[in-house]
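One structure is given below, represented as structure tokens, and several questions about it will come after.
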């Protein structure tokens, strides 16, 4: 009968059934895995720290919009543009974006705007202003005149609209930033007057039906009627002004351009 040997309490393999070398290798694998996880945790922590520090730096005074340059503004004060862009309080450059453009373009004179960040502390605002084409009576029985562009946008109110034809309509103009209503025909005429007599037009009147009458600086009146066939009507007016013997106060009626007439 084979002999059996009792396991000694000093024999590790006998106690655990695992070779010490295998156990050592397992322990080394666990240590390596722990070190790898530690390295990953340190890298993630480092990235988080960099992001937090960078974000804080970008939102600090170091990268604030302290220098604002405005170009293209003639009628709009620079401080008004800066305020409309939300830059009065020197916000972080990172926060300057589409909202600044929208704010500037809400100003009455501004047709379009571009806002560019110039790191580390600058913002450049380039604007294109609207061009006034006429002066519209601000309200009945007042002396104020609203400057409007070709779309009817009210740009400003002046006491004397020097150099612009005056437009009189059925409805008064509103405040700056609003749009003067009921003047589509009159503004079409104002923006299409020919060089032959444009500088002689003092007032353009549009009635409730949309018919247009011109009052010239020479005290002559031109009745255009509707805005149809404007080119032919303008040719008739230019020809009559050039060749006809007109008396002060006469009316040139070209509502029917095929048969223009002059009434005393």
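Give region 150-180 a look and list any residue that's within 22 Å of residue 209 (Cα to Cα) and either part of a loop (DSSP other than H, G, I, E, B) or at pLDDT below 85 (or both), or say none. Full working, then the answer.
Step one: filter region 150-180 for residues within 22 Å of residue 209 (Cα to Cα), giving 150-153, 165-174, 179-180.
Of everything in region 150-180, those that are within 22 Å of residue 209 (Cα to Cα) and either part of a loop (DSSP other than H, G, I, E, B) or at pLDDT below 85 (or both) turn out to be 150, 151, 152, 165, 169, 170, 171, 172, 173, 174, 180.
For region 115-134, give me the residue count where each residue is out of contact with any strand residue (DSSP E or B) (no Cβ under 9 Å at 6 or more places or on another chain) and buried (at least 16 other Cβ atoms within 10 Å of the Cβ).
Count: 0.
Condition first: modelled with pLDDT under 80, in a helix (DSSP H, G or I), within 60 Å of the chain's Cα centre (by Cα) and within 29 Å of residue 119 (Cα to Cα). Can you find one or more residues in region 25-45 that meet it?
Yes, because at least one residue in region 25-45 is modelled with pLDDT under 80, in a helix (DSSP H, G or I), within 60 Å of the chain's Cα centre (by Cα) and within 29 Å of residue 119 (Cα to Cα).
Another question, then. Among the residues of region 92-105 satisfying the criterion of being in contact with a helix residue (DSSP H, G or I) (Cβ under 7 Å, 6 or more places away or on another chain) and part of a helix (DSSP H, G or I), which is nearest to residue 78 (Cα to Cα)?
Here the answer is 104.
Since residue 108 meets every condition but one in (1) out of contact with any helix residue (DSSP H, G or I) (no Cβ under 9 Å at 6 or more places or on another chain); (2) at positive phi; (3) not assigned by TED's automatic domain parsing to the domain that holds residue 200, which condition does it not meet?
Of (1) out of contact with any helix residue (DSSP H, G or I) (no Cβ under 9 Å at 6 or more places or on another chain); (2) at positive phi; (3) not assigned by TED's automatic domain parsing to the domain that holds residue 200, only one is false for residue 108: (2).
Quickly run through region 62-91 and pick out the residues that are in contact with a helix residue (DSSP H, G or I) (Cβ under 9 Å, 6 or more places away or on another chain), surrounded by fewer than 16 Cβ atoms within 10 Å (Cβ to Cβ) and at pLDDT below 95.
88, 90
Take the residues in region 46-59 that are within 23 Å of residue 96 (Cα to Cα) and out of contact with any helix residue (DSSP H, G or I) (no Cβ under 9 Å at 6 or more places or on another chain); name whichever of them is modelled with the lowest pLDDT.
Step by step, filter region 46-59, then rank; the result is 56.
Now a separate question. Could you tell me which numbered condition residue 246 fails, if it satisfies all but one of (1) surrounded by 15 or more Cβ atoms within 10 Å (Cβ to Cβ); (2) modelled with pLDDT of 95 or more?
(2)
Here's something else I'd like to know. When you scan region 117-129, do you find a residue that is closer than 16 Å to residue 73 by Cβ and assigned to a loop (DSSP other than H, G, I, E, B), even just one?
The first filter runs over region 117-129 and keeps only residues closer than 16 Å to residue 73 by Cβ, leaving 123-129.
Keeping just the survivors that are assigned to a loop (DSSP other than H, G, I, E, B) gives none.
No; the residues of region 117-129 include none that is closer than 16 Å to residue 73 by Cβ and assigned to a loop (DSSP other than H, G, I, E, B).
Could you check residue 111 against (1) closer than 21 Å to residue 206 by Cα; (2) touching a strand residue (DSSP E or B) at 6+ places or on another chain (Cβ under 6 Å) and say which number it fails?
(1)
The values are calculated or read from the model by the stated rules, or taken from the named source; none is laboratory data. All values derive from a computational prediction rather than experimental measurement. For neighbour counting, all protein chains shown are included, and Cβ atoms are generated from backbone atoms with ideal geometry for every residue, glycine included.
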